[in-house]
1. Can you give me the pair-distance distribution of segment 3-140, C-alpha pairs, 5 Å bins, whole percents?
2. For the chain, what does the relative contact order come out to in percent, with C-alpha contacts under 8 Å and a separation of six or more?
3. What is the distance in Å between the Cα centroid of segment 1-71 and that of segment 161-178?
4. Which three extents, in angstrom, do the Cα atoms of segment 170-300 have along their principal axes, listed largest first?
5. Could you list which residues have their amide H under 5 Å from that of T65, counting only those 5 or more apart in sequence or on another chain, with H placed in the peptide plane?
6. Quick check for me: using +1 on Lys/Arg Cβ and -1 on Asp/Glu Cβ, what's the dipole size of the chain about its Cα centre, in debye to the nearest 20?
7. Mind listing the phi-derived Karplus ³J(HN,Hα) values for segment 119-128, rounded to whole Hz, using 6.51, -1.76 and 1.60 with θ = phi - 60°, and x for any glycine or proline?
8. Sum up the charges of everything whose Cβ sits under 11 Å from the Cβ of I22, counting Lys and Arg as +1 and Asp and Glu as -1, but leave I22 out.
Amino acid sequence: MFNFQLTPDSFTINTIPVVFPISIEDLQAIIGNNFSTLKTKNNTLFTWNDLGVVTFSKDGKNIETLSLELERETYDFSPTHTFAGTFTFNDEDIISYYHKYEEKHIKLFEGDTTGALVLNNISAWFDVREDKVKAIELSIYKPYNRAEGIPKDKYVIPAVDEEVISFTDLGFKLSVIEELMYTQGLLSPKFDVHEFAKWYADREINLDEEGYEPIEEVTQYLKDFPVPKRLAQKLTEIYQDGGNAIYMNLIPFSGGEEDYWDIESVADAKHFPNLKKVTLCYAKDHILDDFEALGIEAEWL
């Protein structure tokens, strides 16, 4: 029987220290050489059938990930037996520890709903399905960076050295952003709420849970977003539709039926001398007449 032990100071198998990546030769010396090999496009997998152990290697020589299989699977690389050894984490049974300390579960990647336990720069990720721990995967801990690949200043509101339009009505401003940012491409960066949620560092924005209602940080960003006065002449038409990109980015799962972004005042029309026509579906009842009173052609969608 094999005993895996992860402590603040070391990771050992039967008291022998293990450091990732570990060469296949060094691992053989610890757990034996009775394994099979499967090469895939991106990895070489070594399976110890009698131990319930599967390892993954990118170069076919050094192992980056070691998986203890606790439930039988039917993949080509799945061992014929499940892991029957012991595994202690901080001197406690690792599965008991995992269930006992949910607050210590650490997310390793986007969509990770089960999390890992981390100690001594090694992560033990839990593959949990139908409330059963199917496997535990061990590897070097790599902190999850949800903003990876997104420039740090992507959605930082910059200091503006030119005159900007001061809006009094959020609904009106959203319609202007729709036209100038998404249709004409004159405003940047083009706002993407999914990217913004990954980029935002002050807290984790969970769109799956929060995307049905206005998200405070998203709304504030769009309120603060500067629209230069020099672009005012470019706006000749406003066209509102439930599928407008601005609405889908403001409340991703709204379904398009909201009064949250209704235009309540036409006062901001004074900034746009070339605005000739508006097609509305998000506006208070009186707004159609108010636009027409300004000489702007107006109709309901």
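1. 2, 10, 20, 24, 22, 15, 6, 1
2. 12 percent
3. After rounding, the separation between the Cα centres reads 58 Å.
4. Dimensions of segment 170-300 along the principal axes of its Cα atoms: 46, 31, 20 Å.
5. Residues meeting the amide H criterion: F56.
6. 1260 debye
7. With the stated coefficients, segment 119-128 comes to 7, 6, 6, 10, 9, 10, 8, 9, 8, 10 Hz.
8. With Lys, Arg at +1 and Asp, Glu at -1, the neighbours total -2.
Values in this text are rule-based calculations from the coordinates and carry no lab data. All values derive from a computational prediction rather than experimental measurement. Because the Cβ atoms are built from the backbone with ideal geometry, glycine has one as well, and the counts that use them run over all protein chains shown.
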